[in-house]
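Take a look at this one; I'll ask things after.
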Amino acid sequence: MSSRVTFRPTVEADLDLVLSCHTDEPVSWADPERYRSMLGNGGYRPAHTWIAQDNDGRLLARAVWWAFPTSDRPLALDCVWVAPDVPDRVGFAARLLGAAHDAFRAVGWDGLPEWHLFLAAGWRDGPAVAAALEWRSAAAARSGLTGRLERLRYEWTPELPVPEPSGRLVFRAEPDDEVFVEMFRQVAEGSLDDDTRRDLARLGADGQARETLDCYLQMPGERSWWLLAYTPEGAPAGFALPSANQGGPVVGYLGVLPEMRGRGYADELLGAITRFHAGRGATRIGADTDLDNRPMAACFDRAGYRNFGVRLVLTQ
Ligand SMILES: CC(C)(COP(=O)(O)OP(=O)(O)OC[C@H]1O[C@@H](n2cnc3c(N)ncnc32)[C@H](O)[C@@H]1OP(=O)(O)O)[C@@H](O)C(=O)NCCC(=O)NCCS
């Protein structure tokens, strides 16, 4: 390896170089097919793909961030590759990530994008997974991503149950975004979701609620799908927000107002979302929840959703 190394974002003309690396490490990975498809739908961009090159032009490392197609700001780091013959993989990956993080800060983006690693259920038993994670987590920590949490990944497929409405809650569409902002604000109180808690600390109650609104408005799911939930007597109980991402239908977000918790209403809200997507012919509904959000994970388990994997999230 020659001594001078350049760390830089890519441009369109780099595509062949960007696609020239491959790995057999058992972590989620933007292979050429995924990379091209995400490039096509705007999730990946040349400017959000950073590479390290030696002065002969050889590719030494690559990092790929994902963004909402409607936003300039990278939201999550999808994968990092370092050439196997680079002697200090940890240090080298940390330099690449550090260079990109500096550039993100320089344009005024506060908060570093999280790194999302998708792993199969039972990943703790695999030594090859542990090895692939070890150098990546160490590089993440050195580049400022010192936090770590696990999100359980669930899925519903058509052979699984679709619950009938029980009548315990009634659902109504609500076109006024401000009503949802107020709902998001209230539901964040006492939330066991790590993202929500960190956003609350960073942005305050109102800022967190508005960012949640913006985030769900940017998702490919339609705004008209969002539902408020009431008791039959007319008291607000929470909301069910079926949505979609670039992979298809997702549960999205559901929440029960703090004073209404502990009555099993989460089951009603998830049931409404499952019914909604199933009724539109979904062949898969994806969902995630933090390992520590036990009431929500238990709700998915009761509804028959399958826990097929884990999203390991490395955070600032
Ligand atoms: C997660 C959530 C939807 C659960 O709603 P719920 O209708 O209260 O759920 P359940 O009635 O099934 O609650 C089961 C148990 O967990 C407890 N519980 C529910 N939410 C809790 C919370 N945020 N903190 C502590 N305990 C909670 C309930 O009191 C109940 O306890 P019990 O068995 O001793 O009576 C609700 O807490 C919430 O809106 N949280 C914030 C938003 C959120 O996390 N949404 C999911 C994002 S993926």
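The values are calculated or read from the model by the stated rules, or taken from the named source; none is laboratory data. Since the structure is predicted, the reported quantities are computational estimates derived from the model, not experimental observations. The protein model used for the area step is the full one, side chains on, heavy atoms only, and it has no ligands, DNA or RNA in it. Shrake-Rupley method; radii C 1.70, N 1.55, O 1.52, S 1.80 Å.
Given a 1.4 Å probe and every protein chain left where it sits, what share in percent of the accessible area of the range 5-145 is carbon and sulfur?
Roughly 54 percent of what the probe reaches on the range 5-145 is carbon or sulfur.
Continuing with this model, one more query. Cα gyration tensor of the range 5-145, axes a ≥ b ≥ c as square roots of the eigenvalues: rounded (a/c below 1.5), prolate (a/b > b/c) or oblate?
Taking the square roots of the gyration eigenvalues as a ≥ b ≥ c, the range 5-145 is rounded.
Nearest-5 percent of antiparallel DSSP beta bridges in the chain?
Just about 95 percent of them are antiparallel.
Using the Cα gyration tensor of the range 208-288, with a ≥ b ≥ c the square roots of its eigenvalues, what is the shape: rounded (a/c below 1.5), prolate (a/b larger than b/c) or oblate (neither)?
oblate
Quick one: Cα centre-to-centre distance for the range 18-87 and the range 112-137, in angstrom?
Distance between centres, Cα-based: 17 Å.
Which value, in Å² rounded to 10, gives the accessible area of residue 24 with a 1.4 Å probe and all protein chains present?
Only protein atoms counted, so the area is about 150 Å².
Mind listing the phi-derived Karplus ³J(HN,Hα) values for the range 278-288, rounded to whole Hz, using 6.51, -1.76 and 1.60 with θ = phi - 60°, and x for any glycine or proline?
4, x, 9, x, 4, 9, 7, 10, x, 7, 9
With the cut-off at 1.5 for a/c, could you classify the chain from its C-alpha gyration tensor as rounded, prolate or oblate?
Here the chain falls in the prolate category.
Give me the accessible area of residue 44, 1.4 Å probe, in Å² rounded to the nearest 10.
It works out to around 0 Å².
I've got another one for you. Could you work out the helix-only [θ] at 222 nm for the chain, with each DSSP H run of four or more residues adding -39,500 (n - 2.57) and the total divided by the number of residues, to the nearest 500 deg cm²/dmol?
The per-residue figure over the chain is -11000 deg cm²/dmol.
Could you pull the accessible area for residue 222 with a 1.4 Å probe, rounded to 10 Å²?
Counting only protein heavy atoms, residue 222 exposes about 100 Å² to solvent.
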